[in-house]
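Before I ask anything, let me first share the structure, which is written out below as structure tokens.
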Amino acid sequence: MSLKNFLGVAMLLIGGTLSAQTLDTHIACTQTLQEDASGERLIYSDQARMQLHGTEITEFQWESSVFRSNRGHDCSIDTEDGLEAELTEKGWRIRLKNAQSARQKRGYDVDRGSQCSIRLEREGDALRIKPTCPALCGSRRNFSELTVNTRTGLCTYE
């Protein structure tokens, strides 16, 4: 077999493995934490439904909230925001096709920036969700970073 044919077959095998990567999960997490030395209580709450098959996003909805004693902030993202998925070595990276447009559609000013990336990394039963997506969070800095055991549903906030 020539090197060219070998590389072609190897790329087909790699591509087939990556495109077969799927995620179908529902997340419901709530945790109360203390933020600082004064003991201000924070309540983190996240609900999500994520269905991906390779780079195809069938369903993606995530609501992430942080509540303090006198105020609360939330972030949300869904398929109507214009999402695209990229396969990575550990899972996926979800991005907005046009973050500025999605932000303006929600009525947010342009001062928060327009970046949005959410990494979904699997390791066994654990799904680590690593967001960098202030574009859709209004006055909140970002979505919550958390790890979910997809078998038991247990959540750990970072």
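What's the extension gain from Gln104 to Gln21 if we count 0.36 nm per residue and subtract their Cα-Cα distance?
Roughly 26.6 nm would be gained on extension.
Measure off 7 Å from each Cα along the Cα-to-Cβ vector at Glu40 and Glu86, then give the distance between these two points in nanometres to one decimal.
So the label points at Glu40 and Glu86 sit 3.5 nm apart.
By its C-alpha gyration tensor, with a ≥ b ≥ c as the square roots of the eigenvalues, how is the range 23-157 shaped: rounded for a/c under 1.5, else prolate for a/b larger than b/c, else oblate?
oblate
Any read-out appearing in this document is the output of simple, stated calculations on the displayed coordinates, not a laboratory observation. Here the structure is a predicted model, which means the values were calculated and not measured. With ideal geometry, Cβ positions are generated from the backbone for all residues, glycine too; neighbour counts draw on all protein chains shown.
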